[in-house]
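A short reminder: the numbers here are calculations on the coordinates, not readings from a lab. What you see is a predicted model; the values in this text were computed from it and never measured. Cβ atoms come from the backbone with ideal geometry, glycine included; neighbour counts cover every protein chain shown.
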Amino acid sequence: MEKVALAQRILSDSRTGGLTDHPPLSVGGMPSPGDGMHPLVNNFLLSRRIENCSPRTVETYEQRLLTLLRFIKKDPAAITKTDIEFWLLHMKEGETKRGGKRSPFYVRSTYAAIRAFFNWMVSEGHIQKSPLANIKVPKVPRYEKDFLSDEDFHKLLSMCPVHTFAGVRDRAWLWLLWTTGARFSELANLGKDDLDWNTARIRVVGKGSKERRIPFTPEAQKAVYRYLQRREDKMPELWLSEERRPLKPLGVGQIVPRLADAASGYQCPQCSKRYQGLEFVCREYVCPVCKVKLTRLFNIQDAHHIFRRSWAWRNLKAGVPMKFVQLVGGWDSVTVMEQYVRRMSSDDALGGNIKWQ
């Protein structure tokens with residue numbers, strides 16, 4: 001009964017992010033927010049950096065651990081299984097400060113970050129057993145993600161005018177996404193020196209600072225060459241803004257969503273009237289007549305990763321061995337490849353195998 005009552009109070013206090021209307025579970029060695037991170041957490045983050053985790057990964061660990069410790073208010077070595085269970089309940093059922101719910105994928109990734117921390121504490125001898133040892137991984141819904149078709153890819157290309165600087169730059173970006181299978185961060189941080197025109201290879205640095213070479217196909221070479229011909233500078237960065245200043249990954253990441261918006265049409269579900277792309281300037285995307293939200297006719301899920309999995313899908317469908325796709329794409333295992341293969345029909349698999357042989 002006490003656990004049920006405490007859980008109810010946790011959910012009622014979820015907007016504030018922790019236990020506020022009653023005494024905290026403990027006020028042990030955990031410093032108050034703003035006084036700095038706990039020494040154990042700092043040591044864990046340092047170990048991640050030494051193991052070449054990306055800065056983004058280390059930042060994620062830090063954010064998730066700070067959320068946990070602010071909620072439980074205990075020294076990390078004193079946290080119990082019950083503490084973690086209440087915290088997971090808060091993550092799943094509690095509301096955010098904006099009044100929304102956390103996605104199951106966010107909860108699962110947070111669980112993974114916390115598990116890594118406690119496993120590190122066990123390996124370092126700070127605790128004997130992880131409090132997450134007998135707690136199952138939070139479930140996430142399974143759904144099939146879309147692939148980008150040739151037609152959709154060329155629809156995006158048609159939104160890139162070849163007579164403008166931004167147009168030829170965006171075409172080069174699209175062709176690299178389409179033909180390399182590289183991660184967004186790997187392509188967004190490219191320099192001109194990373195392009196090897198003689199061997200038709202591109203040097204990229206992936207997760208864990210791992211370097212590898214990926215194909216530089218003729219189509220991508222033509223698009224990148226036209227883009228570089230437009231430039232009259234000696235800057236080492238590959239991607240520049242229209243003002244000819246280096247374009248950061250955040251700016252590069254806006255290219256595909258902008259093109260998808262331009263290529264898309266919108267339709268009113270009530271009056272069926274259509275509005276085409278950027279010609280429709282109403283930011284709320286609401287029908288001016290019916291005052292209802294418009295339906296997007298051309299929708300791209302996770303704008304950049306869809307290129308990566310579409311590249312893998314096309315190669316697997318063409319009969320390229322799974323191991324080759326994994327190595328070129330920089331995946332740590334073939335698990336993702338196996339998910340794509342399960343969506344392939346027997347005719348697709350047979351035809352691809354014959355082509356490869």
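So if each residue of separation counts as 0.36 nm, and I subtract the Cα-Cα distance between residue 85 and residue 162, what length gain in nm does that give?
Computed gain between residue 85 and residue 162 is 22.1 nm.
How large is ³J(HN,Hα), in whole Hz, for each residue of segment 184-189 in order, when computed from phi with the Karplus curve 6.51 cos²θ - 1.76 cosθ + 1.60 and θ = phi - 60°, using x for Gly and Pro?
Coupling constants for segment 184-189: 4, 4, 5, 7, 5, 9 Hz.
In whole Hz, what ³J(HN,Hα) sequence does segment 234-247 give by Karplus (6.51, -1.76, 1.60; θ = phi - 60°), x for Gly and Pro?
Listing the rounded values in order: 10, 5, x, 5, 7, 9, 10, 7, 5, 8, 6, 10, x, 9 Hz.
Under unit Cβ charges (Lys, Arg +1; Asp, Glu -1), what dipole magnitude, rounded to 20 debye, does segment 116-198 have relative to its Cα centre? Could you put the intermediate results ahead of the total?
Values: 10 positive and 11 negative charges, 102 e Å.
Dipole size: approximately 500 debye.
For a footprinting-style exposure proxy, rank 158, 241 by other Cβ within 10 Å, fewest first.
Ascending Cβ contact count within 10 Å gives the list 158, 241.
Post the alpha-carbon centroid distance, segment 120-167 to segment 47-90, in whole angstrom.
About 21 Å separates the Cα centre of segment 120-167 from the one of segment 47-90.
Using amide H atoms built 1.01 Å from N in the peptide plane, name the residues 5+ places from residue 95, or on other chains, whose amide H lies under 5 Å from its own.
Distant-sequence amide H within range of residue 95: 14, 15.
Once amide H atoms are built 1.01 Å from N in the peptide plane, which residues 5 or more positions from residue 201, or in another chain, come under 5 Å H to H?
Result for residue 201 returns 196, 216.
If amide hydrogens are placed 1.01 Å from N in the peptide plane, which non-local residues have theirs closer than 5 Å to the one on residue 240?
Sorted by chain and number, the residues that satisfy this are 247.
Filter 74/101; 210/234; 207/317; 155/248; 101/210; 73/136 down to the pairs with a C-alpha to C-alpha distance above 30 Å, please.
101/210
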